[in-house]
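For reference, the structure is listed below as C-alpha cells.
Since every read-out is calculated from the coordinates, none of them should be taken as a lab result. None of these values were measured; they are calculated from a predicted model. Neighbour counts are summed over all protein chains in view; Cβ atoms, including those assigned to glycine, are modelled from backbone coordinates with ideal geometry.
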Amino acid sequence: MSIHSEIKKVTTSSFKKMKATGEKISMLTAYDYTIAKLADEAGLDAILVGDSAANVMAGYETTLPITLDQMIYHAQCVSRGIKRAMLIVDLPFGTYQSDPMQAYRSAVRIMKETGAAAIKMEGGIEIKDSIEAIVKAGIPVMGHLGLTPQSIHHFGSFKLRAKENEEADKLIADAKLLEDIGCFSVTLEKIPALLAEKVTKELQIATIGIGAGNLTDGQVLVIHDILGLNKNFKPKFARKYINLHEQIVEVVSQYIKDVKSQEFPNKDESF
Ligand code: KIV
C-alpha cells in the first residue's frame, strides 16, 4: 500500500515519509476554491498558492506586483476547498527579502489568516536570516532555488539556470543551507536534471521539481498549464493534459450563438 492512500491529511511528516519510501510527491498550484476542491478530490498531495497568481489570475507579466493581501485572499479561497492536500503559500516579492522581522510578520499573517500549513520563499543564503526568523516561530518553510521568478529582472530572462559550474555549486550550497536552517522541502525550478538529481540525493529533505527532470522527490506545475488554458504559453517542462483553451472558446461561442438565435433558454429551461 502506498503512503498516499494511508494519509488523511498531508503534512511535513508525510513529505519526510514519502522521501524515505521513494513515493513521489504530487503538487500543483491553485488560486481559487473550485479548482482547489477538484484537485483535492483527485488526491493531490500538496497545493501551492503560488505568486504565479500574478500571471494567471491577474494577467501581469511577472510575479512582482502581487501583494500580501492578494495572496492571503487567494489562499483563503483555496483553503476552503481542501481537506487532504497540504496547503503551501508563497510569500510575495517585497515581503521578506531584506528584513527578518517583516518576513516573520508576513508569514504569521499567512498562517493566521489562511489556514496554510507552510509557506514558500525564493532564494538561498541572501534570505537566510528571514527564513530563520520564520522557522524559529514554528512555521514550516519550503525553499525555492534555480529560476526564482521574483528575481527575473536580475536574471534578465526565463532561461535554464545553473548550467555553469559556478551557479550549480552555489545552488548546491544554498540547498544544503536551506536544509541546515530548517526548511522542510525545497522547490528546484528550471535547472538541469542531473543537478536536480544530485541535490535530491544529497538532501534529507524532499525536493520538488519544476523543469528539473523526474528524479526529484516530487513535481509541481501551474494548474493552468496542465489544463491548457493559455494557448500561447507552452513551456517545454509543462505537460498539457487537456486543451481547455480550445474547449472553453468553443463552449462560449456556442452559448453566444444560442443566445443570439433565442435557442437558449428553451422551454425546459424557462419557468
Ligand atoms: O508561483 C508559482 O506558481 C511557483 C511554482 C513553483 C510553480 O512558485
Sort 133-143, 237-247 for me by packing, meaning the mean count of neighbouring Cβ atoms within 10 Å per residue, highest on top.
133-143, 237-247
Only helical DSSP H runs with n ≥ 4 go in: add -39500 (n - 2.57) per run for the chain, normalise by residue count and round the 222 nm mean residue ellipticity to 500 deg cm²/dmol.
-12000 deg cm²/dmol
Only Cα pairs within less than 10 Å get springs; with that Gaussian network setup on the chain, which residue of PRO192, PRO235, PRO92 has the largest fluctuation?
PRO235
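Pairs of Cα atoms under 8 Å, at least six residues apart: use those to get the relative contact order of the chain, whole percent. Could the numbers behind the result be given before it?
Values: 503 pairs, mean separation 41.0, N = 271.
Taking the mean separation of contacting Cα pairs over the length of the chain, I get 15 percent.
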Per-residue ³J(HN,Hα) for the stretch 55-61, Karplus 6.51 cos²θ - 1.76 cosθ + 1.60, θ = phi - 60°, Hz, x for Gly and Pro:
7, 7, 9, 9, x, 6, 6
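In the chain, what percentage of the DSSP-assigned beta bridges are antiparallel, given to the nearest 5? Don't skip to the answer; put the middle values down first.
On the way: 0 of 30 bridges.
Within the chain, antiparallel bridges account for around 0 percent of the total.
Based only on other Cβ atoms within 10 Å, what is the fewest-to-most ordering of THR34, THR62? Intermediate results must be reported in sequence, preceding the final value.
Values: THR34 11, THR62 15.
By the 10 Å Cβ count, ascending, the order reads THR34, THR62.
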Arranged by the count of other C-beta atoms within 10 angstrom, fewest first, what order do PHE155, PHE93, PHE271 take?
PHE271, PHE155, PHE93
Along principal axes, largest first, the alpha-carbon spread of the chain in whole Å comes out as 67, 43, 37
Among ASP258, ASP40, ASP268, ASP45, what is the fewest-to-most ranking by other Cβ atoms within 10 Å?
ASP268, ASP258, ASP40, ASP45
Built amide H within the under 5 Å cut-off of VAL89, gap 5+
VAL49, ALA118, ILE119, LYS120
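Beyond a 22 Å Cα-Cα separation, which of these cross-linked pairs lie in this structure: LYS128/LYS176; LYS17/LYS236; LYS24/LYS201; LYS19/LYS120; LYS37/LYS201; LYS83/LYS112? Mind dumping the intermediate values first?
On the way: LYS128/LYS176 12 Å; LYS17/LYS236 30 Å; LYS24/LYS201 14 Å; LYS19/LYS120 19 Å; LYS37/LYS201 33 Å; LYS83/LYS112 18 Å.
From LYS128/LYS176; LYS17/LYS236; LYS24/LYS201; LYS19/LYS120; LYS37/LYS201; LYS83/LYS112, over 22 Å: LYS17/LYS236; LYS37/LYS201.
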Counting only residues 5 or more places away or on other chains, whose amide H sits under 5 Å from the amide H of SER185 once H atoms are built in the peptide plane?
GLY143
5 Å is the cut-off here: which amide hydrogens, built 1.01 Å from N in the peptide plane, fall below it relative to THR62, excluding neighbours closer than 5 in sequence?
none
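What does the net charge come to around THR95 if you take all other residues with beta carbon closer than 14 Å to its beta carbon, with K and R at +1 and D and E at -1?
On the way: positive: ARG105, ARG109, LYS120; negative: ASP51, ASP69, ASP90, ASP99, GLU113, GLU122.
Net charge in that neighbourhood comes out at -3.
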Compute a Gaussian network model of the chain, connecting alpha carbons closer than 10 Å, and tell me which residue from SER106, SER253, SER130 fluctuates the most.
SER253
All aspartates and glutamates inside 16 Å of LYS231 as judged from Cα atoms, apart from same-chain residues fewer than 8 positions distant
GLU61, GLU246, GLU250
